[in-house]
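The values are calculated or read from the model by the stated rules, or taken from the named source; none is laboratory data. Every value quoted in this text rests on a predicted model; they were computed, and no experiment measured them. Please note: Cβ atoms are built from the backbone with ideal geometry, for glycine as well, and neighbour counts cover all protein chains shown.
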């Protein structure tokens, strides 16, 4: 699918809450934006150019060597055979056939998400090579994703093309504990640095999550272990000229103790709602918007007063997020343009067992962006774009602060027959650290049927966060973190069906990494550019259809991630991990499947003194279709009740049984 783009009394005194909203400020605007974007189709857009329409265009380009303008159609999620094009936007910021990029990308569609069942995004991302995870307790607690050994905050996360990282968090990363799979229609994962297209944060890679957009109505509800309830629904109406869609999810659980030594359960609940819509104002001009709102509350454990290990407490954390965009898209014969305004806001409030607030924060960003593509002769195209972003934050202990960054890029692409190549550059200018230049390129060449060799090189950078720059511990002299990554691979087929084989080698060197330290004139501590890191390894993928309806697949990753200053391993980065999975769909509606996740040992701390043991997790599932509109499903997670930890001192889920029903109208 082509989608234009690839986590109060909380802040008690109003003087502490006087951050500027750069376009329209205040809490009233939050709800006006959501209501307007959801309810006025003449000012809104969902998805531009479906995968099917773009696939046809790409096939004609391959045959004729000439690019054609992209059409417009509401995207309806369907599984695509390996012979058809799979479209991603994470490679180049524009709809691109996976076979026409040299970058390492995995696309997970809605059908695969539903096959896996459940709300936890880690279950889907575990099928992506190069990704490892850590979590501080049950679903809903802090969940970090490391791509090829990069820090979790060096991953750019987009939802409907909007940056959703918490601008008030110290590291500025995205907490996947705040994400429910019920509203996700597709997940694109790019592995490797690509700040040429995406700017700041795209050091380890990019994850782009598309909200579900489906005609008709679908809904599901499941219940299971630890009194867990998960419900989701999606509805959409319209045609090729106007469309409005809505999706929502609810999740609640009694959970288990976040502290491994604890005895009381730590529950959570989350609600999410999203809308997408568009209207064609003329045959070549489209108005669009996305609007999303999510709120969650989770019980968290504190620390022992004796040894500071995680221990039972009655603390709570509430997170409220909203984000979206609105704009116009133009489709000419040779020129495509898209202009948008987007915003994202994350509010957090921590309270103790007596209900008193112990910490509050609000991180906010707004962005104006323009992307375009000019289609030249002979398979050549020029992609270009620019953006300006305002960010601000305030916490219970820090005064409101704000900063700005502007960027522009250009990338030349050439697709001719079996050869595809891209090369580009970007310049960003930050009001504090100045300018930053990024370069990148990739190459893909098909041969011997469905084989292709691919290669990419990319530079990445991550701007210091507002907290690192302007908080009590801030340092306005910080420079951006920087990276250079390379990968080279060979691949046969595509991961959805048929024979699929892939082997990729990669390396990423990172400099100017920001850490916390002490200097003479800052005895209480300060953020400094002090660290260097290197990650290198291999990723292997394989899949085969053993029989009609029966597919066996697996991924394996070897990631050697080290601190180049000390020679020690980076914390919570296992060297070896992978997933083996199988799914069978019968001709009479029965489906069976299993995923086996295998993770090697790792160090829990930077000093490499506390070892986390490796583990294996087996999940099994079943489903049975009743007619064309009803499906019963169920699963057993952690079949062997394995005890393990991904963060020392924090518990993980034991065996759990879940069952549910799904309906489509």
Q) Picking from 311, 287, 294, which residue would you name as being in contact with a helix residue (DSSP H, G or I) (Cβ under 6 Å, 6 or more places away or on another chain) and buried (at least 17 other Cβ atoms within 10 Å of the Cβ)? A) 287
Q: Inspect segment 536-549 for any residue being part of a loop (DSSP other than H, G, I, E, B) and over 21 Å from residue 190 (Cβ atoms) and give the result as yes or no.
A: yes
Q: Can you tell me which residue among 195, 268, 275, 257 is surrounded by fewer than 24 Cβ atoms within 10 Å (Cβ to Cβ) and either in contact with a strand residue (DSSP E or B) (Cβ under 7 Å, 6 or more places away or on another chain) or within 30 Å of residue 507 (Cβ to Cβ) (or both)?
A: 257
(Q) Every residue in segment 120-139 that is assigned to a loop (DSSP other than H, G, I, E, B) and farther than 22 Å from residue 533 by Cα, please. (A) 120, 126, 127, 128, 136, 137, 138
(Q) Of everything in segment 494-531, what is under 19 Å from residue 107 (Cα atoms) and modelled with pLDDT under 95? Give them in sequence order. (A) 494, 495, 496, 497, 498
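A quick yes/no check of all residues on (1) buried (at least 16 other Cβ atoms within 10 Å of the Cβ); (2) closer than 30 Å to residue 477 by Cβ; (3) out of contact with any helix residue (DSSP H, G or I) (no Cβ under 7 Å at 6 or more places or on another chain):
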{"residue": "323", "(1), (2), (3)": "yes, no, yes"}
{"residue": "332", "(1), (2), (3)": "no, no, yes"}
{"residue": "335", "(1), (2), (3)": "no, no, yes"}
{"residue": "338", "(1), (2), (3)": "yes, no, yes"}
{"residue": "346", "(1), (2), (3)": "yes, yes, yes"}
{"residue": "397", "(1), (2), (3)": "no, yes, yes"}
{"residue": "405", "(1), (2), (3)": "yes, yes, yes"}
{"residue": "428", "(1), (2), (3)": "yes, yes, yes"}
(Q) Any residue that is within 19 Å of residue 174 (Cβ to Cβ) and crowded, with 16+ Cβ neighbours inside 10 Å - is there at least one of those in segment 377-386? (A) no
Q: Go through segment 412-426 and give me each residue that's under 18 Å from residue 99 (Cβ atoms) and either in contact with a strand residue (DSSP E or B) (Cβ under 7 Å, 6 or more places away or on another chain) or surrounded by fewer than 23 Cβ atoms within 10 Å (Cβ to Cβ) (or both).
A: 413, 414, 416, 417, 418, 419, 420, 421, 422
Q.
Residue pairs, Cβ under 9 Å, 6 or more apart or interchain, first in segment 479-490 and within 7 Å of residue 508 (Cα to Cα), second at pLDDT below 95 and assigned to a strand (DSSP E or B). List them.
A. none
Q: Report the residue count in segment 644-665 for those that are in contact with a helix residue (DSSP H, G or I) (Cβ under 8 Å, 6 or more places away or on another chain) and part of a strand (DSSP E or B).
A: 4
